[in-house]
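Participant: Once you've had a glance at the structure underneath, I'll fire off some questions.
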């Protein structure tokens, strides 16, 4: 069996942009008239997608969602799951208001939703735990025909997935939540009730890198995001990440990416 790394994996596409743009909206509006063709196309779409009828019954899940949740196949839940009657997604995941609005015909975005994977398994919605913890953005888009609701499309943008040991996943999450500060090994170890030596040993053993490496890579990813924004100078991009553009992280950035911050920004042109 292939070993999964206990690393938070940011999704590269569409993380900051609403995937339900005008072109995609026009495409989705064709669902009622071209249901079979549309389902075949969305099945190949790389982003997890679910589609529900007005009564909340699930009629479609694409292969990206099947793979994400380690389902045997789409038929495992289509026709057998009702999102309106599920307390897990409505209450524990805190999406009741968002779901209600979507089924009332209003497009909705729900950000940083945490999927309680253990509860998902207990409910029998998936066979086994495919990840330890996840953070996702959901885009809920109602498909209307006139004033009549035909479908509600759920588009899932996976922002972070944590694999492996729960304690190491928690350490990763702690560093992801404190990336703007400085790396303090004692604080990371304390967050998972370990000694620094134990944390470093287990982290290196399971991830192949040290906690410090993970923290620096995490901060560099945020620096890259800021450097994309042409409204920010390089100095401002670094300052937004709690760093000095002439300090150590300029060298770390070059070591991780192979480019200086200035060359990285020029490359984006």
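Participant: Taking residue 175, is it part of a loop (DSSP other than H, G, I, E, B), modelled with pLDDT of 90 or more and buried (at least 18 other Cβ atoms within 10 Å of the Cβ)?
Facilitator: no
Participant: Listed residues 231, 207, 193, 244; which is within 24 Å of the chain's Cα centre (by Cα) and either farther than 30 Å from residue 58 by Cβ or crowded, with 20+ Cβ neighbours inside 10 Å (or both)?
Facilitator: None of the others qualify; the one that does is 207.
Participant: Which one of the conditions (1) at pLDDT below 85; (2) over 18 Å from residue 142 (Cα atoms); (3) touching a strand residue (DSSP E or B) at 6+ places or on another chain (Cβ under 7 Å) does residue 92 fail to meet, given that it meets all the rest?
Facilitator: If we test residue 92 against (1) at pLDDT below 85; (2) over 18 Å from residue 142 (Cα atoms); (3) touching a strand residue (DSSP E or B) at 6+ places or on another chain (Cβ under 7 Å), just (3) comes out false.
Participant: Which of the helices (runs of 4 or more DSSP H) found entirely inside segment 220-268 contain at least 1 residues meeting this: under 20 Å from residue 176 (Cβ atoms) and either in contact (Cβ under 8 Å) with a residue 24 or more places away in the chain or in contact with a strand residue (DSSP E or B) (Cβ under 6 Å, 6 or more places away or on another chain) (or both)? Outline the logic, then answer.
Facilitator: On the way: elements: 234-239, 248-257, 261-267.
Ranges flagged: 234-239, 248-257.
Participant: Out of curiosity, is residue 124 modelled with pLDDT of 85 or more and part of a loop (DSSP other than H, G, I, E, B)?
Facilitator: Spelling it out, it is not the case that residue 124 is modelled with pLDDT of 85 or more and part of a loop (DSSP other than H, G, I, E, B).
Participant: Right, here's the next one. Among the residues in segment 106-115, are any part of a strand (DSSP E or B), at pLDDT below 80, under 23 Å from residue 173 (Cβ atoms) and within 22 Å of the chain's Cα centre (by Cα)?
Facilitator: yes
Participant: Scan segment 43-63 and give yes if some residue there is in the same structural domain as residue 135 (by TED's automatic domain parsing), part of a helix (DSSP H, G or I), touching a residue at least 24 places away in the same chain (Cβ under 8 Å) and within 12 Å of residue 154 (Cα to Cα), otherwise no.
Facilitator: no
The values are calculated or read from the model by the stated rules, or taken from the named source; none is laboratory data. Quick caveat, the model's predicted, so the values are computed rather than measured. Backbone-built Cβ (ideal geometry, glycine too); neighbour counts: all protein chains shown.
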